[in-house]
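Trainee: Quick one: structure below, then a few questions.
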Amino acid sequence: MGILFDEQKRIFKLDTPASSYVMAVADKDKFLGHVYYGEKIEDEDVCYFLRADDYPFMPEKMERERVPFMGGFPFEFSGHGCGDFRSSCIEIRTTDGYTTVNPVYVSHRIVQGKPVLDGMPAASGIPAVFASEKDCSTLEIILEDKPSSVEIHLFYTVFEKLDVIVKSSCVHNTGKKPLFLTKFLSSSLTFENEPALDVLTLHGAWARERNIQRRPISYGSYKIESRRGETSHLVNPFMAVLEHNADQRQGNVYGVSLVYSGNFVMEAELDSTDSVRVTAGIGTDNFCWKLESGASFSAPEALLVFSADGIGGMSRIYHDLFRNHLIRSKYKFQDRPVLLNSWEAAYFDFDTDKLLGIAKEAAARGVELFVLDDGWFGKRNDDNTSLGDWFVNEKKLPGGLVRLSEEVHKMGIKFGVWFEPEMVSPDSDLYRAHPDWALSVPGRIRSLARNQLVLDYSRPEVCNYIYNMVSAVIREAKIDYVKWDMNRSLCEVASATLPADRQGEVLHRYVLGMYRLQGRLVTDFPDLLLENCSAGGARFDPAMIYFSPQIWCSDDTDAIERLAVQEGTAVVYPLSCMGAHVSVCPNHITRRTTPFETRAMVALAGTFGYELDITKLSDEDKNAVPYQIKLYHRFGSLMREGDYYRLLSYAGNRCWDSWQVVSKDKKSSLVTVIQVVTEPNRRSRRLRLEGLDSAKSYKVEVVRMSDAELSEAAAADAVYLEGRTFSGSTLMNAGILVHRTPGDFAGTMYYITAK
Ligand code: GLA
């Protein structure tokens, strides 16, 4: 078991294969202190850190110097208003108006596995990591703040074979009166006197999500948060703290990823004692939860990963964690059907004949799933109307989805549709019948975005109504795949049915309502393949991959823009989660033209599919489609289950981008190299590979993307690679030679197999 408790010294030591996490209960006042997190250590008692002579913790001075003590103690779960002026984990307001809270240790228990304990996120409907008894053990620590009648349970699930600690928290009101929770976070970490630390976060906007930002942590506070009611395009619920000199391959890296899809906050605060406190949890904006006497509130899980092998090491741990312990879908370890989505093919301009024409050509070329995107319901011919009216537009599609689905199924392929179940158009039957079902504040403008309003998912009757409509469509038309979209942020947040003192709960209740619906959907339709989407990738977070094994990464389908989006996404999320498609050129968003095969190489790093009217492709491109689909299946399990290595970053070097995936047994590997921009008068490039077995002997094959001739550069590579073998040590140290290609946006893929 990876959890030790030293009864006498009251020390908790949590061990994963390569990391240790130590906490201790301080002698006086029973404060729970954070002592150490990092590379594995052997000794349990490292609590001299809490007892240093010059440390403010000096029991004899405690009476007169309590405030300096509180301001410096490395609280494991910090209170508020008692002299610790750094960022807090809990803030409350009692019915008497008091806000001070200061939890101390009471008791603990240790259990094998990760049972769903009362108060854990999963018990409250929040998606959570799952694991069997042999995978992990769980520590539950109980703290209390007697004057405010608050009891806090901290949960730590420690993995046996992964360097992961899952943290969450739950608060109970043990008093007789209600109290108001205005902040309640999931996790806090302290780094004392560390060498210079950086913080790495993922930022963006619509069509350029999850670009990597790295900066030194400096005095003051660096905070990322969403106040939009959804995860957002702007920033992902992820933060890594890393040593200044850490890179892809080496250095200590600490990741924090939050399993949540609404407002969140993550903060790294460096104080005058050179300690960094890193906190994470539900966002405080517009949050106020009324906790009745006897009631509890659970915070979502924060997934902590430690790696001494740099950013790449951390990414691989997250990928393993998500694949094996978070994604529930039965499709997670299966090749996904290669789909063609109608959005960029037709937008709103389609009828049955046009759709069937595209589906027929797609099926003939090997596509396995045809997806009808937006525009099939109500009176929807543009994005102005009908959200909420989830019945088919028979004028556009005579015979409805049932006929379309039958026809598509007859072609031997699957059929999927798009929904945006959380939204309502003011011009819809649903809104006319139930205007109060939209989030709004009485007397205020209902601010529109994409001409739509947000349904009040904090209300069960709203969720049930929508679910009945959506599930009827899926059942009747025998739908195989659903794209669940969500295209705007939440504002004027209020619910028509909640009392005044519960309006601060709407945002979290909304998220819980959405989770319940997605949970129902995948339970009632176990064979359904669900893909989440949010105006591209605004809700690409761990909680959503709990429900859907894939998420549409970005509305930007331009292969070059996608390099940065997919690189940033893969810092945390496995490639098998990334919805990635080949679209036409000039690209609809950037107007850039890239080779068809480069577009395929980039999409092959994700779930792979097409987002185009296949009937309009040139014969050459049409002929390449079956070839590309075969490649997806050839490399499917490798890409889905293998270890990911980032070799080169175009975002950093402005020329080359490269990634590699290596099978767990190190017998096969796929390397993709994209020469983004040509630079004159430069030599070919040496590329060092990673993750192979030094002692194994490998063949390196230049992958053909179609029947067409290899490009000049790929042909030159093939000449020296063909017919010979390389040791893993040669490939990883000396590397391979990648010839330059005249022209921009060229790519080459290399398939490496052990002899
Ligand atoms: C969002 C999605 C797109 C498409 C449109 C349809 O923008 O990200 O992929 O489904 O909605 O309106």
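The values are calculated or read from the model by the stated rules, or taken from the named source; none is laboratory data. Just so you know, these numbers come straight off a predicted model, no measurement behind them. Using ideal geometry, Cβ is built from the backbone for each residue, glycine included, and neighbour counts are taken over all protein chains shown.
Trainee: I'd like to know if region 463-478 contains one or more residues that are within 16 Å of the ligand (Cβ to nearest atom), under 30 Å from Glu407 (Cβ atoms) and either of a type in the set (Phe, Trp, Tyr) or in contact with a Leu (Cβ under 8 Å, 6 or more places away or on another chain) (or both).
Mentor: First, pick out the residues of region 463-478 that are within 16 Å of the ligand (Cβ to nearest atom): 470.
Now drop any that are not under 30 Å from Glu407 (Cβ atoms), which leaves 470.
Subset that is either of a type in the set (Phe, Trp, Tyr) or in contact with a Leu (Cβ under 8 Å, 6 or more places away or on another chain) (or both): 470.
Among the residues of region 463-478, at least one is within 16 Å of the ligand (Cβ to nearest atom), under 30 Å from Glu407 (Cβ atoms) and either of a type in the set (Phe, Trp, Tyr) or in contact with a Leu (Cβ under 8 Å, 6 or more places away or on another chain) (or both), which makes the answer yes.
Trainee: Then there is this: Could you please give the count of residues in region 249-272 that are in contact (Cβ under 8 Å) with a residue 60 or more places away in the chain, surrounded by fewer than 22 Cβ atoms within 10 Å (Cβ to Cβ) and assigned to a loop (DSSP other than H, G, I, E, B)?
Mentor: So the answer is 3.
Listed here are the residues, each with its yes/no results for (1) within 20 Å of Val571 (Cα to Cα); (2) assigned to a loop (DSSP other than H, G, I, E, B); (3) β-branched (Val, Ile, Thr).
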{"site": "Ala651", "(1), (2), (3)": "yes, no, no"}
{"site": "Lys666", "(1), (2), (3)": "no, yes, no"}
{"site": "Ser669", "(1), (2), (3)": "yes, no, no"}
{"site": "Ile674", "(1), (2), (3)": "yes, no, yes"}
{"site": "Ala695", "(1), (2), (3)": "no, yes, no"}
{"site": "Glu701", "(1), (2), (3)": "no, no, no"}
{"site": "Thr730", "(1), (2), (3)": "no, no, yes"}
{"site": "Pro742", "(1), (2), (3)": "no, yes, no"}
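Trainee: Ok, one more. Answer yes or no: is there a residue in region 349-356 that is within 16 Å of the ligand (Cβ to nearest atom), aliphatic (A, V, I, L, M), under 25 Å from Ala624 (Cα atoms) and not assigned by TED's automatic domain parsing to the domain that holds Ser261.
Mentor: yes
Trainee: So which residues in region 88-117 are touching a strand residue (DSSP E or B) at 6+ places or on another chain (Cβ under 8 Å), within 17 Å of Glu140 (Cβ to Cβ) and in a loop (DSSP other than H, G, I, E, B), if there are any at all?
Mentor: Of everything in region 88-117, those that are touching a strand residue (DSSP E or B) at 6+ places or on another chain (Cβ under 8 Å), within 17 Å of Glu140 (Cβ to Cβ) and in a loop (DSSP other than H, G, I, E, B) turn out to be Cys89, Pro103, Gly113, Lys114, Pro115, Leu117.
Trainee: Right, here's the next one. What's the number of the condition Thr557 fails, among (1) among the β-branched types (Val, Ile, Thr); (2) assigned to a helix (DSSP H, G or I); (3) farther than 22 Å from Asn653 by Cβ?
Mentor: The one condition Thr557 does not meet is (2).
Trainee: Take Val276 and decide whether it is β-branched (Val, Ile, Thr) and over 17 Å from Tyr37 (Cβ atoms). Before you say what the answer is, go through the steps one by one.
Mentor: On the way: β-branched (Val, Ile, Thr): yes; over 17 Å from Tyr37 (Cβ atoms): no.
When the stated conditions are applied, Val276 does not pass them.
Trainee: Got a number for residues in region 226-247 being crowded, with 18+ Cβ neighbours inside 10 Å and in contact with a strand residue (DSSP E or B) (Cβ under 7 Å, 6 or more places away or on another chain)?
Mentor: Of the residues in that region, 15 qualify.
Trainee: Also: If you go through region 28-51 one residue at a time, do you hit one that is closer than 26 Å to Val171 by Cβ, part of a helix (DSSP H, G or I), hydrophobic (A, V, I, L, M, F, W, C) and in contact (Cβ under 8 Å) with a residue 24 or more places away in the chain?
Mentor: For region 28-51, residues closer than 26 Å to Val171 by Cβ, part of a helix (DSSP H, G or I), hydrophobic (A, V, I, L, M, F, W, C) and in contact (Cβ under 8 Å) with a residue 24 or more places away in the chain: present.
Trainee: I need the full set of residues from region 330-368 which are under 30 Å from Leu258 (Cβ atoms), among the polar types (S, T, N, Q) and buried (at least 19 other Cβ atoms within 10 Å of the Cβ), in order please.
Mentor: Of everything in region 330-368, just one residue is under 30 Å from Leu258 (Cβ atoms), among the polar types (S, T, N, Q) and buried (at least 19 other Cβ atoms within 10 Å of the Cβ), namely Asn341.
Trainee: What about Leu4, is it surrounded by fewer than 20 Cβ atoms within 10 Å (Cβ to Cβ), among the hydrophobic types (A, V, I, L, M, F, W, C) and either modelled with pLDDT of 85 or more or over 34 Å from the mean Cα position of the chain (by Cα) (or both)?
Mentor: Yes; evaluated as a whole, the condition is true for this residue.
Trainee: Looking only at region 160-192, which residues are more than 20 Å from Phe238 (Cα to Cα) and assigned to a strand (DSSP E or B)? Spell out how you get there, then give the answer.
Mentor: As a first pass, look at region 160-192 and keep what is more than 20 Å from Phe238 (Cα to Cα): 160-161, 170-182, 192.
Passing the criteria: Cys170, Val171, His172, Asn173, Leu179, Phe180, Leu181, Thr182, Glu192.
Trainee: Restricting region 485-504 to residues that are of a type in the set (A, V, I, L, M, F, W, C) and under 12 Å from Asn286 (Cα atoms), which is farthest from the ligand (Cβ to nearest atom)? Outline the logic, then answer.
Mentor: Restricting attention to region 485-504, the residues satisfying the condition of being of a type in the set (A, V, I, L, M, F, W, C) are 486, 490-491, 493-494, 496, 498, 500.
Within this subset, residues satisfying the condition of being under 12 Å from Asn286 (Cα atoms) are 490-491, 493-494.
Numbers: Leu490: 17, Cys491: 19, Val493: 22, Ala494: 26 Å.
It comes out as Ala494.
Trainee: Looking for whichever is touching a Leu at 6+ places or on another chain (Cβ under 9 Å) and over 25 Å from Met239 (Cβ atoms) here; the options are Ala494, Ala543, Ala538, Ala559. Which one fits? If you could, list the steps in order and put the result at the bottom.
Mentor: On the way: Ala543 fails: over 25 Å from Met239 (Cβ atoms); Ala538 fails: over 25 Å from Met239 (Cβ atoms); Ala559 fails: touching a Leu at 6+ places or on another chain (Cβ under 9 Å).
After applying the criteria, what remains is Ala494.
Trainee: Filter region 366-382 for residues that are among the acidic types (Asp, Glu) and within 9 Å of the ligand (Cβ to nearest atom) and give the result.
Mentor: Of everything in region 366-382, those that are among the acidic types (Asp, Glu) and within 9 Å of the ligand (Cβ to nearest atom) turn out to be Asp373, Asp374.
Trainee: What residue, among those in region 386-411 that are among the polar types (S, T, N, Q) and more than 12 Å from the ligand (Cβ to nearest atom), is farthest from Gln452 (Cα to Cα)?
Mentor: Looking at the filtered set, the residue picked out is Ser405.
Trainee: What are the residue pairs meeting all of these: first residue in region 604-623, first residue farther than 21 Å from Pro337 by Cβ and more than 16 Å from the ligand (Cβ to nearest atom), second residue of a type in the set (Gly, Ala, Ser) and outside any loop (DSSP other than H, G, I, E, B), Cβ atoms under 9 Å, and 6 or more apart or on different chains?
Mentor: Close Cβ pairs (under 9 Å, with a partner that is of a type in the set (Gly, Ala, Ser) and outside any loop (DSSP other than H, G, I, E, B)) amount to Lys616/Ala345.
Trainee: Look at Glu709 and say whether it is assigned to a strand (DSSP E or B), closer than 29 Å to Arg562 by Cα and not aromatic (Phe, Trp, Tyr). Write out each step before concluding.
Mentor: Numbers: assigned to a strand (DSSP E or B): no; closer than 29 Å to Arg562 by Cα: yes; not aromatic (Phe, Trp, Tyr): yes.
So Glu709 fails the test.
Trainee: So if I check each of Val164, Val101, which one is of a type in the set (Val, Ile, Thr), in contact (Cβ under 8 Å) with a residue 40 or more places away in the chain, under 28 Å from Ile311 (Cβ atoms) and in contact with a helix residue (DSSP H, G or I) (Cβ under 9 Å, 6 or more places away or on another chain)?
Mentor: Val164
Trainee: Would you mind listing the helices (runs of 4 or more DSSP H) fully within region 362-476 where at least 2 residues are under 21 Å from Cys491 (Cα atoms)? Give the steps one after another, and end with the answer.
Mentor: On the way: elements: 400-410, 429-433, 460-476.
In region 362-476, the matching helices (runs of 4 or more DSSP H) lie at 429-433, 460-476.
Trainee: Here's a follow-up. Got a number for residues in region 532-552 being near the ligand (Cβ under 10 Å from one of its atoms) and within 11 Å of the chain's Cα centre (by Cα)?
Mentor: In the first step, residues of region 532-552 are kept if they are near the ligand (Cβ under 10 Å from one of its atoms); the result is 533-538, 552.
Subset that is within 11 Å of the chain's Cα centre (by Cα): 537-538.
Selection size over region 532-552: 2.
Trainee: For region 619-664, enumerate the residues that are touching a strand residue (DSSP E or B) at 6+ places or on another chain (Cβ under 8 Å) and of a type in the set (Gly, Ala, Ser).
Mentor: Correct list: Gly642, Ser649, Ala651, Ser658, Ser663.
Trainee: Follow-up. All but one of (1) under 23 Å from Ser19 (Cα atoms); (2) in a loop (DSSP other than H, G, I, E, B) hold for Leu304, so report the exception by its number.
Mentor: So the condition that Leu304 fails would be (2).
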